[in-house]
Amino acid sequence: MDIRARILAKARILGASLSGVSSLDSLLGSPSHQVYGELHWTLSAESVLVLGLEHPENEPELDWWDDRDGGTPGNRQLVNIAKDLKQWLQEEFGFNVHPLPYHVEKGGLFLKDAAILGGIGTLGSNNLVITKEFGPRVRFRALLIDVNLKPKAPIDFTPCQACDNPCRSACPQDAFANGFYSRISCNKQMEADERGKDVFKQPDDKLPKPRIKYCRACELSCPVGK
Ligand code: B12
């Protein structure tokens, strides 16, 4: 097994549902990074390892935002997988590995572009990465690695072409009314979700915490991977 295959297999063992590899150079030239201009990197690296964690409809709590580190239970799982993988990569190969933060303004990358270039999925009509395995119901996290791992090729997968796009009609803000995704309309829903914070107790809570259940209409209505 080559090194990349061993790493992707280890990511799976550590709990990632999906994983991929792209080169940092190609990612910095990707559409989102072009739109937002050059990022100011203090890190040097060759490869971007992207981890995906399935967020199935029947485990909605994975996506509920709370006030603890990591934001959501699903993201905390991804943070832990990245931490374990970093340790293994250092011990097994001696690589320098930097797990990246979620937010781009805090030094993160655009994760959808990373997932597409890393061969995990394709951009769907709902503006989300659609995977063969789980549709868009996946969350991502990335690590930078200082060696050139052979990038995976983007996949040839066009599930939205023959679909009548229920994702677009499901949007409560009609964010696709003009035929493309409107961040402004989508964000109105996110703000409404924040105002409607739910406070309730979970079995493992010491105190009730406010949780935000952000809208997922455009991903939960997608038939791919169901
Ligand atoms: C800011 C942000 C938001 C903002 C703005 C979203 C936006 N797209 O502008 C708000 C709060 C509105 C939001 C909403 C949601 N978000 Co959000 N968000 C982010 C964040 C932090 C950055 C995204 C961003 O600004 N992208 C830049 C803009 C320009 O991207 P864009 O509008 O999608 O357009 C670019 C791409 O489509 C790309 N592109 C187009 N074609 C192609 C082709 C190729 C080959 C490539 C490589 C790229 C590419 O180029 C476009 C720019 O020109 C990321 C995490 C991260 N670090 O990346 C999560 C992220 C994108 N969000 C995610 C999710 C799930 C959601 C929500 C469902 C809410 C929720 N419950 O979590 C909604 C869905 C919105 C939607 N349908 O797109 C997931 C997506 C997972 C997936 N399967 O794709 C991410 C990756 C976070 C995660 N935890 O994994 N989000």
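What helices in the chain pass both tests, a Cα length along the helix axis of 20 Å or more and a mean Kyte hydropathy of -1.0 or higher, using whole DSSP H runs?
Taking the DSSP H segments of the chain (at least 20 Å long, mean hydropathy at least -1.0), we get 73-93.
Using the crude model of +1 on Lys and Arg Cβ and -1 on Asp and Glu Cβ, and no other charge, please compute the dipole size for the chain relative to its Cα centre, in debye to 20. Could you put the intermediate results ahead of the total?
Working: 28 positive and 29 negative charges, 43 e Å.
It works out to roughly 200 debye.
Could you calculate the contour length gain from D2 to I184, that is, 0.36 nm times the residue separation minus the distance between their Cα atoms, to one decimal place in nm?
61.1 nm
Normalised by the number of residues in segment 1-160, what is the relative contact order in percent for Cα pairs under 8 Å and 6+ residues apart?
32
Carbon-plus-sulfur fraction of the accessible area of the chain, 1.4 Å probe, in percent?
C and S fraction of accessible area: 51 percent.
Express the accessible area of the chain per residue in Å², computed with a 1.4 Å probe while the remaining protein chains stay in the model.
53
Could you work out Rg/(2.2 N^0.38 Å) for segment 166-220, with Rg from alpha carbons only?
1.42
Report the calculated FRET efficiency for K10 and D205 (r = Cβ-Cβ distance, R0 = 30 Å), to the nearest 0.05. The partial results should precede the final answer.
Working: r = 33 Å, r/R0 = 1.09.
According to the calculation, E is roughly 0.40.
Name the shape class, rounded, prolate or oblate, that the alpha-carbon gyration tensor gives for segment 3-145, where a ≥ b ≥ c are the square roots of its eigenvalues, rounded holds for a/c under 1.5, and otherwise prolate holds if a/b is larger than b/c and oblate otherwise.
In terms of gyration-tensor shape, rounded.
How high is the relative contact order of segment 166-220, given as a whole-number percent (alpha carbon pairs under 8 Å, six or more residues apart)?
Taking the mean separation of contacting Cα pairs over the length of segment 166-220, I get 36 percent.
Mind checking which of P159, P56, P31 has the largest fluctuation in a GNM of the chain, springs on alpha carbons under 10 Å?
Most flexible of the set in this elastic network: P31.
Say each of E59 and T158 gets a label point 7 Å from the Cα, pointing the same way as Cα to Cβ; how far apart are those two points in nm?
Between E59 and T158, the simple spin-label model gives 3.3 nm.
Could you please put V50, V104 in sequence from largest to smallest accessible area, using a 1.4 Å probe?
Reading off the accessible areas and sorting them downward yields V104, V50.
Under a GNM of the chain (C-alpha, springs under 10 Å), which listed residue has the highest mean-square fluctuation: L51, L24, L89?
Greatest mean-square fluctuation among the candidates belongs to L89.
Hey, which lysines would be in cross-link range of K112, C-alpha to C-alpha under 17 Å, not counting anything within fewer than 8 residues on its own chain?
K132, K152
Which residue fluctuates the most in the chain, going by a Gaussian network model with Cα springs under 10 Å, if the choices are L18, L111, L28?
Fluctuation is largest for L28.
Could the peptides 6-17, 172-183, 125-136 be put in order, highest first, of the mean number of other beta-carbon atoms found within 10 Å of their residues?
Details: 6-17: 17.6, 172-183: 13.6, 125-136: 21.6.
Put in order of decreasing packing, that is 125-136, 6-17, 172-183.
Go through C163, C222 and list them by solvent-accessible area, largest first, probe radius 1.4 Å.
Descending order: C163, C222.
The values are calculated or read from the model by the stated rules, or taken from the named source; none is laboratory data. Quick caveat: nothing in here was measured; it's all calculated off a predicted structure. Please note: Cβ atoms are built from the backbone with ideal geometry, for glycine as well, and neighbour counts cover all protein chains shown. The area values use the complete protein model at the heavy-atom level, side chains included, leaving out ligands, DNA and RNA. Shrake-Rupley method; radii C 1.70, N 1.55, O 1.52, S 1.80 Å.
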